């Protein structure tokens, strides 16, 4: 959570999650019969006064770093997000999230995130 004065201007929430193999791209769910363990990025919000400032990318980066750390503890393979609208879909796609068969649901592999964070 980021606070400016006495006002919250940005926050995110993460939660343990699982997705059906049929609800992710074939390249991710192929061969899986059991639900795929994941971390759900349940909320990512930035005050409109900060839109376009690059802070959204920084907030997402922080969330993904924490998701990787949490995923190591709970053996999660994916980060899942349910994009609110077309703008949110474009935002997440810009950072490598893939669309899924479920409307507005997008996923990113933990291994992809970990590789990006280590480089």
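For region 2-10, indicate whether the set of residues that are closer than 17 Å to residue 96 by Cα, surrounded by 14 or more Cβ atoms within 10 Å (Cβ to Cβ) and either touching a strand residue (DSSP E or B) at 6+ places or on another chain (Cβ under 7 Å) or free of Cβ contacts under 8 Å to residues at least 24 places away in the same chain (or both) is non-empty. Before the answer, list the steps.
Narrowing region 2-10 to residues closer than 17 Å to residue 96 by Cα: none.
For region 2-10, residues closer than 17 Å to residue 96 by Cα, surrounded by 14 or more Cβ atoms within 10 Å (Cβ to Cβ) and either touching a strand residue (DSSP E or B) at 6+ places or on another chain (Cβ under 7 Å) or free of Cβ contacts under 8 Å to residues at least 24 places away in the same chain (or both): absent.
When the residues of region 93-115 are filtered to those that are touching a residue at least 24 places away in the same chain (Cβ under 8 Å) and closer than 18 Å to residue 58 by Cβ, which remaining residue is surrounded by the most Cβ atoms within 10 Å (Cβ to Cβ)?
Only one residue fits best here, namely 108.
Looking at 90, 104 in this structure, which one is at pLDDT 90 or above and at positive phi?
104
Among the residues of region 21-33, which ones are exposed (fewer than 14 other Cβ atoms within 10 Å of the Cβ) and either modelled with pLDDT of 90 or more or under 15 Å from the mean Cα position of the chain (by Cα) (or both)?
22
Testing residue 83 on (1) touching a helix residue (DSSP H, G or I) at 6+ places or on another chain (Cβ under 7 Å); (2) within 16 Å of residue 16 (Cα to Cα), one condition comes back false. Which one is that?
(2)
The values are calculated or read from the model by the stated rules, or taken from the named source; none is laboratory data. Small disclaimer: the values here were computed from a predicted structure and weren't measured. With ideal geometry, Cβ positions are generated from the backbone for all residues, glycine too; neighbour counts draw on all protein chains shown.
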